[in-house]
């Protein structure tokens, strides 16, 4: 490869744009060298992202990586999505304290189909190659697996923090889990990856790909890591299972409302990772908000509009902004309040417990969740806050009443 000092300025500028929001690149200067070599050889880089189809919905946290891939595509490079239908049979142990349960073939197939459909919402399908790693892993003989396994030591694998912790605590580690990083690394060899992207939780697996490529006579891929987007709770990474996520297929107003619920301290990361607003403009907005020159809520509204526009268009984003502001600033009702039927079977002697009402109306998943919502002061019935988790209401008197949960959810009760 050429040295960094011979790389043209426009390539350096490309690399700078691509590194926006990244958590790290290994080796240092490797991205610039790959881009420059691709131009010299007049070929697109092959950018790899491996996915285990364990969840069918794409949220903003996962879209952070997909949007970075789209930037590579816009520069003329080829994205290779590896749908890990075979490695999903193992289950990625990254960040786990226990063995991950294996998925069935039917679950894998259903999730994979949904992933491929949703990827097209962000990626350029013409520059996206979708491969299923059963194509090559499923053809390996036991002798082939032994040959590959000889290229990675147990000591290397046990350097992983999650494995090391489990080993030290005497918790079980299945032999099949030790094969996972090897299988992911072999994916890079088969598709001749130039760059592999992933979250920081994939550090070991991606670096294992570099090692295996080197062992098998290929030029090692560059590892490009994206930070894990913190979810709406402001504590844990965005995850559907934790309920702190914003799905990219959610209705515009739902997306907008969720984004308005994040803390002011989270706005910078969401701007940088989830939008295309220039960094200088982001810093100016946040600085002006911190000085009291503009209202932080207005900056957050700008953030919510930017994100909604990416997935639903500018018109839908403006409409969501107007509707949200009308309801929350003006104290008006949403223009379209859904009606829910609550049948007499939910009542006892003509009266219904408030927690059962919330569950029957579909605004709480369980009685326990309903209790939490009430205790947090997030439930209103016909404009009055419900404070007693043991409250009961006459069914006949509930007809047409407005039930509000949190800042965004309204339903009108029908009992007839």
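Coordinate-derived values only; no laboratory data. This is a predicted model, so every value here is computed, not measured. Heads up, the Cβs are rebuilt from the backbone with ideal geometry, glycines too, and the neighbour counts pull from every protein chain shown.
With the highest mean first, a sort of the peptides 273-280, 384-391 on other beta-carbon atoms found within 10 angstrom per residue produces 273-280, 384-391.
Our estimate of slack between residue 402 and residue 142, defined as 0.36 nm per intervening residue step minus the Cα-Cα distance, is 87.2 nm. Rounded to 0.05, the FRET efficiency of the residue 71 and residue 372 pair, given R0 = 30 Å and the Cβ-Cβ distance, is 0.15. According to the calculation over all Cα-Cα pairs in the chain, the P(r) per 10 Å bin from zero is 4, 18, 25, 23, 17, 9, 4, 1, 0 %. Counting every other Cβ atom within 10 Å of each residue's Cβ, 266, 216 order from fewest to most as 216, 266. Relative to the longest principal axis of the Cα atoms of the chain, the long axis of helix 296-312 lies at roughly 70 degrees.
The peptide list 352-364, 294-306, put in order of mean Cβ contacts within 10 Å with the highest first, becomes 352-364, 294-306. Full extension of the segment from residue 6 to residue 265, taken as 0.36 nm per residue of separation minus the current Cα-Cα distance, would add 89.2 nm. Dividing the helix sum by the residues of the chain, where each DSSP H run of 4 or more adds -39500 (n - 2.57), gives a mean residue ellipticity at 222 nm of -12500 deg cm²/dmol. Between the helical axis of 180-191 and the dominant principal axis of the chain, each derived from Cα atoms, what acute angle in degrees is found, rounded to the nearest 10? Its long axis makes an angle of about 60 degrees.
When the Cα atoms of segment 339-414 are aligned to their principal axes, the ranges along those axes come out at 28, 21, 21 Å in descending order.
Taking only Cα atoms, what is the 0 to 90° angle, nearest 10, from helix 9-18's long axis to the longest principal axis of the chain? For helix 9-18, the angle is close to 40 degrees. When both segment 223-285 and segment 1-52 are represented by their alpha-carbon centers, they are found 26 Å apart.
Taking the alpha carbon gyration tensor of segment 252-328, multiplying each eigenvalue by 5 and rooting it gives semi-axes of 20, 14, 10 Å, largest first. Which value in nm describes the separation of the simple spin-label points at residue 129 and residue 388, placed 7 Å from the Cα toward the beta carbon? Going by the 7 Å Cα→Cβ label model, 6.8 nm.
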